[in-house]
Structures are given as structure tokens and as C-alpha cells.
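The values are calculated or read from the model by the stated rules, or taken from the named source; none is laboratory data. The structure presented is a predicted model; accordingly, all values stated were derived computationally and were not measured. Cβ placement follows ideal geometry from the backbone for every residue including glycine, while neighbour counts extend to all protein chains displayed. When the accessible area is computed, the model is the full protein with side chains, heavy atoms only, and any ligands, DNA or RNA have been set aside. Shrake-Rupley method; radii C 1.70, N 1.55, O 1.52, S 1.80 Å.
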Amino acid sequence: MHEARDSIDQTFGLVPTMGYLHEGHLSLVRRARAENDVCVAWIFVNPTQFTPGEDFERYPRDEDRDTRLLEAEGVDILFVPSVEEIYPPGFSTVVEVRGIITEHLEGQFRPGHFRGVTTVVSKFFHIMQPDRAYFGQKDAQQVAVIKKLVRELDFGIEIVVCPTVREPDGLAMSSRNAYLERSERKAATVLYRALSAAEQLFRQGGRRGGALRTAMTNILATQPQARPDYVSVADPETLDELDLVTGRALASLAVYIGPTRLIDNVVLE
Ligand code: PAJ
């Protein structure tokens, strides 16, 4: 990896990831490269954002392939710390955004998840001190939480949100798609089909949160392999559920396909 940051005038763009890279991650890298003098990526499967019983141990990893992909994209610096470097024995600090924004949706089904995310992201922001950091709309609640963190703790970092990259059949790219068996991979298209149903109803003038949620639930019910955790129509910034959509709304869902939990969302506007 070439040219490190050598001048205070250079802008520095950071792309945080947990690796096992796909086109979604690479779209963030390309944008960070285009908008900054120096592009830094990190790969760190962060144990503190996995809840007990989740897939931390078996989360897919391929550092050699990831390194090659990032080199080909022209990333200047790649940071791949060990768990011990980030969390030395006795580490006991947490950074937590409190309230509905972290308790609802993912927070309800993955308690402590966002505390792990905001703690590690704060730590990396301090280590790297980027001008901009790049995140995917795919994890819409994560984006809302990190924007609030950066605002409230005065990090002075611009958070750049990049669109969700999808497979041709609509499935949002995710490292966890690697878990899907053939029939599950087919079944997984139901997430985007459900979101598209909400989008269609919205375009036709549907503004009631209940009706939009029902449109998604009905599509999910057509797929026997799909078990929803939640189906939501909420304010994109506060994550409060909406009875009536008057401005923008975030339609989001979390669904088990077999043993694999997938999330996806679209913004209705
Ligand atoms: P990870 O799941 O590896 O995702 C890294 C970044 O890539 C996140 O900002 C995520 O939203 C984005 N991303 C994932 N799939 C995407 C897709 N299909 N299209 C566009 N962007 C996509 O999110 C994390 O890691 C971690 O929580 C992290 C922020 C690194 C903290 O540990």
C-alpha cells in the first residue's frame, strides 16, 4: 500500500469494515478514494458488537483476499489489528448512545450491539483522526447511531453515507450471505421484495405506517423459510415508529432465512 499521510493539508478518508469484502464494501472504498487524498481501510471483526450466541467465532474471514482487493482499489493504508491490540486485558471503557435509537429494532434483538459498534468506532476515530468516514445505508440504524455519536461527542468527522449495493435479484450484499445454502439464497430475495412492496404502496400514496408494515409482512409470509424479527416504518434519524409518514421514512426489516439473520431497508421519500 502506497503513500501515507504526510501533510496536514491532505484529507483522510476512513472505511471501517469487518472484512470478507464484497462490492458493497468496495463501493465505500472507491468513494473514499475519490473524495480524499489518503484512503484508509480497517478490517476488524469486533467481538464486542456480537451478542452471546451470535456468529463471532464463525464470522467469515479471508485476510489475503481482502488485502488483494483493497490493493487493487488503491487503498493507501490498511489497518488489521488483533483483538488484544484493540481490547488489551482489563479494557473496561464503553461509549454508548442511549435511548430509542439504540434500543429499538436491531438494539431490541441484539442487546449491547450498538455499544460495541460505538465503542470500537470511537476508538478507531481517535486512532486515525480521519476527515471523513464512509458507511453504508445497508446498516441504516448504524448510520443514525454513528451520526448522533459524532455530533454529540464533537468528533468533527464528516459521515458519508453510500447507497446499498445489491445483487441483480435485489438481495443486499452482505458478508453473511456466504452462510446461505442454495435454497436459502433464493428465499432471501423475499427481503427486497417486501421492501419493494412498501415502496410501491408509498408511491401510490400509502402513508399509514400500519399499512406499509402490513404490505411487507404479507410478502414475507409467502416465503416459508422466512422468520421476521421485525418489520418497521420509522423516522430515519430518531428510529421512532411512525403511524403516519409525513416526510421521509425508513422501511426496514430483519429476517431469519434458515439460521441466517439478514437485514435490509429502503428510504421512502
Ligand atoms: P461490515 O458489516 O463489514 O460493514 C462495513 C461497512 O460496509 C458498513 O458501513 C456497512 O454498512 C457497509 N456495507 C455492507 N454491506 C453493504 C452493501 N450491500 N452496500 C453498501 N454498503 C454496505 O458495519 C460493520 O462492518 C461494523 O459494524 C463496523 C462499522 C466496521 C464496526 O465494527
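Worth a mention:
- Tally of residues being within 30 Å of L14 (Cβ to Cβ) and either open to solvent by 60 Å² or more (accessible area, probe 1.4 Å) or within 13 Å of the ligand (Cβ to nearest atom) (or both) across region 189-206: 2
- Taking the criterion of being under 15 Å from F44 (Cβ atoms), assigned to a loop (DSSP other than H, G, I, E, B) and free of Cβ contacts under 8 Å to residues at least 12 places away in the same chain, the residues of region 72-98 that qualify are S82, P88, F91.
Conditions tested, residue by residue: (1) in contact (Cβ under 8 Å) with a residue 40 or more places away in the chain; (2) in a helix (DSSP H, G or I); (3) not polar (S, T, N, Q).
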site: E184; (1), (2), (3): yes, yes, yes
site: R193; (1), (2), (3): no, yes, yes
site: Q200; (1), (2), (3): no, yes, no
site: V233; (1), (2), (3): no, no, yes
site: G247; (1), (2), (3): no, no, yes
site: R261; (1), (2), (3): yes, no, yes
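- The residues in region 14-48 that are assigned to a helix (DSSP H, G or I) and either more than 8 Å from the ligand (Cβ to nearest atom) or outside the structural domain of S92 (by TED's automatic domain parsing) (or both) can be counted, and the count is 10.
- Qualifying residues in region 148-171 (those that are within 20 Å of G107 (Cβ to Cβ) and within 12 Å of the ligand (Cβ to nearest atom)) - the one least open to solvent (accessible area, probe 1.4 Å): L149
- Test: residue in region 62-72 that is more than 10 Å from the ligand (Cβ to nearest atom), under 21 Å from the mean Cα position of the chain (by Cα), open to solvent by less than 30 Å² (accessible area, probe 1.4 Å) and closer than 30 Å to L242 by Cα: no
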